[in-house]
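Quick notes on the structure that follows.
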Amino acid sequence: FMFTCISYFMSLITNTFCLILMFSFFFFFLMIRRPPRSTLSSSSAASDVYKRQAMHGFDEWHATEASGASSTLNCGCRPDWKHQGKGCIVGGGAWEKKSYDCTNYWSPAGLPVSPSCTVSKTSSRGCIGNLTDKIEGDDSMYIMQVLDSFLERQSKQQPWFAQLSVHTNHEPHPALPEWYHAYNHTEGGPAGDYLGTISQMDHAIGEMISILKNRSMYEDTLLWFSAGDNGAHTEGRPSGQNSASNGLRQCKASLFEGGIRVGGFVSWPGEISSHTETVHSAVTSDILPTVLELTGVKHPHPDWSSDGMSLLPLLTGKLPPNTPRSKPIGFAQSGQVAWLNDTGHQGVWKMVYKPQQGQCSEFLAPYGKMKDKTGPFLFNLTADPTESYDLCHQESARCEAMRAAMDDFTASIQHSRVYESQCAKSVAPTPSPTPNVTGGFELVLKHGPGAPGSCLSLQPLEKHALPEIGACNRTGSVWINKTNQGSLANSADSALCLKVDQMDHKKQPCVAGNTIWMGDCHTGQNQFSLDHAGRLAASECDGLCAVPASHAPVFVYSSAALALGECGSDQAFQFEVVPQQQ
């Protein structure tokens with residue numbers, strides 16, 4: 001069953017049949033606590049290893065970071081592994097005696113997992129262990145071996161769940177020689193380090209199907225596949241950035257269609273008997289309500305907001321494939337908001353508010369040339385899939401109604417964060433500034449990547465706070481000078497200042513690409529101040545200023561984060577100081 005999928009992921013647990021969720025590279029996932037036995041997570045999760053999947057209901061896991069290599073993943077974890085066997089793969093279609101930095105898999109120290117390892121207060125480093133053998137070849141095939149080992153321990157009468165994340169087409173994606181050289185003459189050739197790894201993934205999926213068939217599990221297993229947690233990353237394509245998205249606007253990290261529309265399919269041989277294609281939009285938030293309906297399980301909190309809908313009637317043929325989607329889809333990311341509503345014969349309508357360029361080289365016209373990109377912008381995707389014609393003025397009543405629905409959606413997100421998942425606290429009044437704080441102002445973007453008129457603001461996280469190019473006029477967008485330290489603090493917490501994350505490059509702070517975070521305002525740390533041109537200059541790193549972040553793990557938190565780069569670069573942000581209104 002082939003879908004037009006709108007991406008962003010939630011994984012789930014089932015208790016009456018066998019289910020595999022398979023995602024082609026994504027950074028982290030939300031896991032819902034399960035009924036007993038038996039579940040497996042093989043993931044590329046960007047998270048603290050102590051917050052392991054056992055705390056979220058998985059019986060077993062095999063996890064690594066999102067940016068693991070697609071071939072010989074852990075070759076750099078021991079010096080002798082570079083010389084063991086054929087060596088390592090780092091790109092170019094050849095085995096070499098060098099490697100990427102160490103990236104390894106973590107898994108339970110023993111099975112079954114001790115109950116003390118499933119609770120954060122009692123969990124310890126002793127609950128986990130890392131892989132001690134070298135992965136000689138394709139990482140996707142290694143993941144399938146882990147799946148096969150998991151299935152070996154399952155009863156044919158006992159349902160199970162497996163969530164697999166292959167990082168094949170996420171950088172770095174070096175292909176094995178046999179796959180690399182199949183693409184020597186493609187666009188930009190040789191293109192084997194990208195297309196070759198896509199073929200490696202395809203081969204691994206075929207291996208997974210063979211494993212299920214050999215274990216007589218194939219007919220009863222529902223396989224749900226999506227091509228990614230975002231649209232294409234388009235850097236360096238000779239045919240232009242739109243070629244990867246078949247002409248859709250923008251790319252990864254933008255809420256235009258090129259950043260969120262991906263392909264997907266569902267295979268369930270025991271229930272889906274023939275090939276079907278549909279234009280019915282689906283979002284990964286639909287997976288949970290679909291499986292809850294299929295299993296007859298009630299959500300433990302039925303009063304909580306639900307962004308998805310069950311697709312079971314569509315999958316089983318009770319609804320024809322041309323049935324309009326009955327529930328709108330909402331997105332909110334890094335200050336952007338989008339709202340999609342299928343109205344049937346009147347078309348699929350989409351609203352985008354404060355759209356961003358995303359991780360592509362060009363913000364395409366007409367929006368890239370607009371001084372004010374706030375919007376909202378309204379599109380009929382059925383007639384205008386490239387989002388080229390804003391109809392908000394022409395369809396003023398529809399625009400007003402969709403804006404109201406979109407505002408309700410964004411309000412529901414904050415309500416859920418505070419009162420349901422409890423991953424955020426309600427906004428408290430800004431604390432009074434300490435005596436060494438003077439003034440209060442916003443830093444409004446006047447030059448550099450991003451929408452002019454955006455502000456340097458703060459995204460609150462559980463352990464850190466992350467500065468990003470985001471919305472103005474909100475908690476976290478007001479900055480203050482610490483005059484006795486020559487640094488910038490945020491009014492949301494005047495004890496935190498802009499600083500360089502030294503961990504990006506092995507505790508060397510003055511390296512281009514190091515991510516900018518918030519940290520304690522101690523004199524002597526590498527902090528920031530505005531130079532004469534309005535650039536955020538690093539106090540101890542001559543010639544380095546704030547530019548867009550490029551270190552992949554930070555994109556888990558924000559696509560508009562900051563890092564160190566050359567002050568003279570066109571990528572360097574320049575800000576205008578706008579005093580806070582009293």
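The values are calculated or read from the model by the stated rules, or taken from the named source; none is laboratory data. All of these numbers come straight from a predicted model, not from anything done at the bench. Neighbour counts run over all protein chains shown; Cβ positions are idealised from the backbone, glycine included. SASA here: full protein model, heavy atoms, side chains in, ligands and nucleic acids out. Shrake-Rupley method; radii C 1.70, N 1.55, O 1.52, S 1.80 Å.
Need the full-extension length gain, residue 408 to residue 133, defined as separation in residues times 0.36 nm minus the C-alpha distance. One decimal, nm.
On the way: separation 275, 0.36 × 275 = 99.00 nm, distance 5.10 nm.
Extending this stretch completely gives an extra 93.9 nm.
Roughly speaking, what is the centre-to-centre gap between region 380-414 and region 315-353 when only Cα atoms are used, to the nearest Å?
One Cα centre to the other: 11 Å.
Let me check I have the definition right: for region 244-308, take the eigenvalues of the Cα gyration tensor, multiply each by 5, take square roots. What are those semi-axes in whole Å, largest first? Spell out each step's value before the answer.
On the way: eigenvalues 151, 82, 11 Å².
For region 244-308, the ellipsoid semi-axes come out as 28, 20, 7 Å.
If you take the C-alpha gyration tensor of region 80-142, multiply each eigenvalue by 5 and take the square root, what semi-axes do you get, largest first, in whole Å? Please list the in-between numbers first.
Working: eigenvalues 216, 23, 20 Å².
After scaling each eigenvalue by five and taking roots: 33, 11, 10 Å.
Expressed as a whole percentage, what fraction of the accessible surface of region 137-207 belongs to carbon and sulfur atoms when a 1.4 Å probe is rolled over the protein heavy atoms?
On the way: 1470 of 2960 Å².
C and S atoms contribute 50 percent here.
If each of residue 153 and residue 343 carries a label point 7 Å out from its Cα toward its Cβ, how far apart are those two points in nm?
The two pseudo-label positions are separated by 5.4 nm.
Just to confirm a number: summing +1 for Lys and Arg and -1 for Asp and Glu over residues other than residue 201 whose beta-carbon lies under 11 angstrom from that of residue 201, what do you get? Mind dumping the intermediate values first?
Values: positive: none; negative: 138, 139, 202, 207.
Charge balance in the 11 Å sphere: -4.
What does the charge count around residue 442 come to, taking other residues whose C-beta lies under 11 Å from its C-beta (Lys +1, Arg +1, Asp -1, Glu -1)? Display every interim value, and only then the final one.
Values: positive: 474; negative: 576.
After counting each charged neighbour, the total is 0.
Going down the list 446/482; 318/354; 350/371, which pairs span over 28 Å between their C-alpha atoms? Could you put the intermediate results ahead of the total?
Working: 446/482 23 Å; 318/354 38 Å; 350/371 22 Å.
Over 28 Å apart, Cα to Cα: 318/354.
Looking at the square roots a ≥ b ≥ c of the eigenvalues of the Cα gyration tensor of region 80-228, which shape do they give, rounded for a/c under 1.5, prolate if a/b is larger than b/c, or oblate?
Numbers: a/c = 2.31, a/b = 1.36, b/c = 1.70.
Note, shape of region 80-228 comes out oblate.
Which entries in 252/373; 156/298; 86/134; 373/499 show an alpha-carbon gap greater than 23 Å?
Details: 252/373 18 Å; 156/298 25 Å; 86/134 12 Å; 373/499 29 Å.
Listed pairs above 23 Å: 156/298; 373/499.
Less than 15 Å Cβ to Cβ from residue 174, Lys/Arg counted +1 and Asp/Glu -1: what total charge do the surrounding residues give? Show your work: numbers first, answer last.
On the way: positive: 82, 86, 97, 98; negative: 96, 101, 136, 138, 139, 171, 178, 193.
Overall, the nearby charge balance is -4.
Need one number: convex hull volume per residue for region 260-382, Cα atoms only, in Å³.
Values: hull volume 18.3 nm³, N = 123.
Expressed per residue, the convex hull around the Cα atoms of region 260-382 is 149 Å³.
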